[in-house]
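K.L.:
Let me begin by handing over the structure; questions about it come next.
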Number of protein chains: 2
Amino acid sequence: MNAASTDSSTRGPLDHTIRDQIVEAAEQHFKLYGYEKTTVSDLAKAIGFSKAYIYKFFDSKQAIGEVICFNCLHGIEVEVESAMAEAKTASERFRRMFRSLVAGSAKLFSDERKLYDIAASSARERWRTAADYEMWVKKVITDVIREGRDSGEFERKTPLDETSQAIYLVLMPYIHPLLLQHNLHLLDEAPGHLSSLILRSLSP
Amino acid sequence: MNAASTDSSTRGPLDHTIRDQIVEAAEQHFKLYGYEKTTVSDLAKAIGFSKAYIYKFFDSKQAIGEVICFNCLHGIEVEVESAMAEAKTASERFRRMFRSLVAGSAKLFSDERKLYDIAASSARERWRTAADYEMWVKKVITDVIREGRDSGEFERKTPLDETSQAIYLVLMPYIHPLLLQHNLHLLDEAPGHLSSLILRSLSP
């Protein structure tokens, strides 16, 4: 969960070691004190760099937050893809996707609440990382549906984009950081029940 | 949206005229100043009764809030039932239910934001009104499914309670006051797309 970068909103020399050091130190600081309440000055003081030096590498506090958020969400993506990899059918792949997406988001929420809050800021303020993650989820959904249609497992009458979008809407309350916090009491039952409903809707 | 009462958490003489006057005045006050920030003392001052006199009729501020919340939600129930009444099939009844439930909640949110906030308190603090409304929504869903099963319009293999619960979960983000506020940008597309997905899942 460290090295990746969105490569956006950064400036100055491409010294990845120092960039990574700043991100790493900022992540530790945010984990303790939260993202919203920390200023770049606080951060500079805490990690022992000057504010000007940090600005050599990052446009803004958000640019640092985006890298941290990207790393967290990328971690979930890797887990979801690995959970799906061994499934033998599109239906099973779909169930695993839903279950592991929810598990990943819930884990971030419970284990790393302060990092989760960065993901919530990302969603609230429509950062590029949030938009990219949403696009990735939609792509995974579409790929599974396409696979099930090709194998004859799923119906083919409904336009693919309509099906994908509707399924995304069903999943959203359990993966979107601003919604998930209201739905934590449903995490045991919802992925199973909703996967079954969606799979019934996909049957030929 | 006036006369109804939950008949709970009230005390003192059953003088409905005065009870109704207090509720009516409290509703006007909450509409202007909000429920959360108002104390029973503020309310007493504003409506010209003594605090002790208000406590003759209501246990607490929440007891007044419950009546106001009940009236708002009951208004939505009446509209939903009237929208469903003319539908010729269970599918059409389902679509109308979803659409009018969402429209009613959204209207409360946009036209009477301060009253909507009472519904949000009700959901957050698990008042009886919120629980009753949830039960009513689940009952309406179950009734429509049962009707569609009886007429042969819907499949009958899945246990009825599992189907109802899953459908309730799909609707929830658009009717639950704490979730709806995050989903307002989806209100044009979501009820149609999700109704279609649900109806596909119900097909025999």
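K.L.:
It is to be established whether one or more residues within region B:146-164 are under 17 Å from the mean Cα position of the chain (by Cα) and not hydroxyl-bearing (Ser, Thr, Tyr). Walk me through how you get there before you give the answer.
P.N.:
The first filter runs over region B:146-164 and keeps only residues under 17 Å from the mean Cα position of the chain (by Cα), leaving none.
Checked against the condition, which is being under 17 Å from the mean Cα position of the chain (by Cα) and not hydroxyl-bearing (Ser, Thr, Tyr), region B:146-164 yields no hits at all.
K.L.:
Here's another thing I want to ask about it. Just to be sure, is B:Ser110 over 22 Å from A:Arg124 (Cα atoms) and of a type in the set (Ser, Thr, Tyr)?
P.N.:
No, not satisfied.
K.L.:
Considering (1) more than 30 Å from A:Leu160 (Cα to Cα); (2) without any contact (Cβ under 8 Å) to a residue 12 or more places away in the chain; (3) facing another protein chain (nearest Cβ under 10 Å), say which one B:Arg113 fails and leave the rest.
P.N.:
For B:Arg113, the exception is condition (3).
K.L.:
Restricting attention to region B:172-190, which residues are closer than 17 Å to B:Leu108 by Cα, within 20 Å of the chain's Cα centre (by Cα) and part of a helix (DSSP H, G or I)?
P.N.:
Answer for region B:172-190, where residues must be closer than 17 Å to B:Leu108 by Cα, within 20 Å of the chain's Cα centre (by Cα) and part of a helix (DSSP H, G or I): B:Met172, B:Pro173, B:Tyr174, B:Ile175, B:Pro177, B:Leu178, B:Leu179, B:Leu180, B:Leu184, B:Leu186.
K.L.:
Go through region A:51-147 and tell me which helices (runs of 4 or more DSSP H), entirely inside it, have 2 or more residues that are within 23 Å of A:Arg200 (Cα to Cα), of a type in the set (D, E, K, R) and in contact with a Gly (Cβ under 9 Å, 6 or more places away or on another chain).
P.N.:
In region A:51-147, the matching helices (runs of 4 or more DSSP H) lie at A:90-111.
K.L.:
So, one more: Going through region B:147-158 one residue at a time, which ones are within 9 Å of another protein chain (Cβ to nearest Cβ) and in contact (Cβ under 8 Å) with a residue 40 or more places away in the chain?
P.N.:
Scanning region B:147-158 gives a single hit, B:Glu155.
K.L.:
So, one more: How do the pairs read when you match residues in region B:45-67 that are farther than 14 Å from B:Asp20 by Cα with residues anywhere that are small (Gly, Ala, Ser) and assigned to a helix (DSSP H, G or I), using Cβ under 7 Å and keeping only pairs 6 or more apart or on different chains?
P.N.:
Here the result reads B:Ser50/B:Ala44; B:Lys51/B:Ser41; B:Lys51/B:Ala44, each pair linking region B:45-67 to a residue that is small (Gly, Ala, Ser) and assigned to a helix (DSSP H, G or I).
K.L.:
Same structure again: Can you confirm whether B:Leu179 is in contact with a helix residue (DSSP H, G or I) (Cβ under 9 Å, 6 or more places away or on another chain) and closer than 19 Å to B:Val144 by Cα?
P.N.:
No, not satisfied.
K.L.:
Of the conditions (1) over 28 Å from A:Arg156 (Cα atoms); (2) charged (D, E, K, R); (3) away from chain A (no Cβ under 11 Å); (4) out of contact with any Phe, Trp or Tyr (no Cβ under 7 Å at 6 or more places or on another chain), B:Arg124 clears all except one; give me its number.
P.N.:
With respect to (1) over 28 Å from A:Arg156 (Cα atoms); (2) charged (D, E, K, R); (3) away from chain A (no Cβ under 11 Å); (4) out of contact with any Phe, Trp or Tyr (no Cβ under 7 Å at 6 or more places or on another chain), B:Arg124 is out only on (3).
K.L.:
May I ask you to list the residues in region B:173-204 that are within 8 Å of chain A (Cβ to nearest Cβ), among the aliphatic types (A, V, I, L, M) and more than 16 Å from A:Ser195 (Cα to Cα)?
P.N.:
B:Leu178, B:Leu179, B:Leu186, B:Ala190
K.L.:
Restricting to region A:149-171, name every residue that is acidic (Asp, Glu) and assigned to a helix (DSSP H, G or I).
P.N.:
Within region A:149-171, A:Asp150, A:Asp161, A:Glu162 qualify.
K.L.:
Oh, and also: How many residues are within 9 Å of another protein chain (Cβ to nearest Cβ) and surrounded by fewer than 18 Cβ atoms within 10 Å (Cβ to Cβ) when one looks only at region A:159-172?
P.N.:
Residues flagged as within 9 Å of another protein chain (Cβ to nearest Cβ) and surrounded by fewer than 18 Cβ atoms within 10 Å (Cβ to Cβ) within region A:159-172 amount to 1.
K.L.:
One residue is enough: does region A:20-39 have a residue meeting the conditions modelled with pLDDT under 90, under 30 Å from A:Gly152 (Cα atoms) and part of a loop (DSSP other than H, G, I, E, B)?
P.N.:
Looking through region A:20-39, none of the residues is modelled with pLDDT under 90, under 30 Å from A:Gly152 (Cα atoms) and part of a loop (DSSP other than H, G, I, E, B).
K.L.:
Next question, about the same structure. Whether any residue in region B:40-56 is surrounded by 18 or more Cβ atoms within 10 Å (Cβ to Cβ), at pLDDT 90 or above, in contact with a helix residue (DSSP H, G or I) (Cβ under 9 Å, 6 or more places away or on another chain) and not aliphatic (A, V, I, L, M) is what I want to check.
P.N.:
no
The values are calculated or read from the model by the stated rules, or taken from the named source; none is laboratory data. What you are looking at is a predicted structure, and each value in this text was computed from that prediction instead of being measured. So basically every Cβ, Gly included, is an ideal-geometry build from the backbone, and we count neighbours across all protein chains shown.
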